[in-house]
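**Student:** Provided herewith is a single structure, encoded as structure tokens, for subsequent inquiry.
The values are calculated or read from the model by the stated rules, or taken from the named source; none is laboratory data. Source: prediction; values computed, not measured. Glycine gets a Cβ as well: all are built from the backbone with ideal geometry, and neighbour counts include every protein chain shown.
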């Protein structure tokens, strides 16, 4: 049971802390409400659980063999995060009502995990810390993935609910626009350490 407690605590702490996933979910909650943002939330949680499984099944070894592949994904992910930051900032310019844009859906939430630097750090860290080589390796990998799947829904969901509450507070277009600008800036700030790492690897 000590093993399960450790995995659950790690899953909670890494899922509920600020990061690109939670920023996106909260912003979606503010701009589109809970109901329209549920597919994004589901995509993030399911996508990350699947990512954990695949990382455990060999992606870590693949990156050790081909370090340039990891750098490529990191660069692609950084560019995509900056693109998302631009979309979030721009969402403040979209009028409310029938012309309002659509939130990110299930597939985008799931696929986003593969270019999310924090997701890679958490996934590789979880597999390294909570698995042991041997007959039980794959069952441990499955346990970790299922634990994250269950835990991440309420942890990331808290950010969605917070966004929904803020939606009621940010009634004016100007307030919502400044909120989106702030979230966009936070997303850019979250990318800075990854950019620094890329620069060090390249130069």
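**Student:** Tell me, please, whether a residue that is closer than 29 Å to residue 174 by Cα, more than 13 Å from the chain's Cα centre (by Cα) and at pLDDT 85 or above can be found in segment 74-82.
**Tutor:** Checked segment 74-82: no residue is closer than 29 Å to residue 174 by Cα, more than 13 Å from the chain's Cα centre (by Cα) and at pLDDT 85 or above.
**Student:** Name the pairs: first residue in segment 51-64 and closer than 16 Å to residue 134 by Cα, second residue assigned to a helix (DSSP H, G or I) and modelled with pLDDT of 85 or more, Cβ to Cβ under 9 Å, at least 6 apart or on different chains?
**Tutor:** Listed pairs, sorted by first residue: 56/123; 56/140; 56/141; 56/142; 56/144; 56/145; 57/141.
**Student:** Also: When residues of segment 9-19 are filtered for being in contact with a helix residue (DSSP H, G or I) (Cβ under 6 Å, 6 or more places away or on another chain) and in a helix (DSSP H, G or I), how many remain?
**Tutor:** Our first condition is that a residue be in contact with a helix residue (DSSP H, G or I) (Cβ under 6 Å, 6 or more places away or on another chain); within segment 9-19, this holds for 11-12, 14-16, 19.
Those still in the list that are in a helix (DSSP H, G or I) too: 11-12, 14-16.
Qualifying residue count for the region: 5.
**Student:** Against the conditions (1) within 16 Å of the chain's Cα centre (by Cα); (2) in contact (Cβ under 8 Å) with a residue 60 or more places away in the chain; (3) closer than 16 Å to residue 25 by Cβ, where does residue 145 fall short? Just the number, please.
**Tutor:** It fails just one condition, (3).
**Student:** In this structure, does residue 26 turn out to be touching a helix residue (DSSP H, G or I) at 6+ places or on another chain (Cβ under 9 Å) and within 14 Å of residue 156 (Cα to Cα)? First the steps, then the outcome.
**Tutor:** On the way: touching a helix residue (DSSP H, G or I) at 6+ places or on another chain (Cβ under 9 Å): yes; within 14 Å of residue 156 (Cα to Cα): yes.
Considered against the rule, which asks whether it is touching a helix residue (DSSP H, G or I) at 6+ places or on another chain (Cβ under 9 Å) and within 14 Å of residue 156 (Cα to Cα), residue 26 comes out as yes.
**Student:** Tell me, which residue of segment 148-165 that is farther than 18 Å from residue 51 by Cα and surrounded by fewer than 17 Cβ atoms within 10 Å (Cβ to Cβ) is farthest from the chain's Cα centre (by Cα)?
**Tutor:** 165
**Student:** Filter segment 85-123 for residues that are part of a helix (DSSP H, G or I), over 13 Å from the mean Cα position of the chain (by Cα) and at pLDDT below 80 and give the result.
**Tutor:** Passing the criteria: 85, 87, 88, 89, 90, 91.
**Student:** Provide a single number: the residues in segment 147-203 that are assigned to a helix (DSSP H, G or I) and farther than 22 Å from residue 109 by Cβ. First the steps, then the outcome.
**Tutor:** Going through segment 147-203, the residues assigned to a helix (DSSP H, G or I) turn out to be 147-169, 173-202.
Subset that is farther than 22 Å from residue 109 by Cβ: 168-169, 173-175, 177-178, 181, 192-193, 195-202.
Qualifying residue count, segment 147-203: 18.
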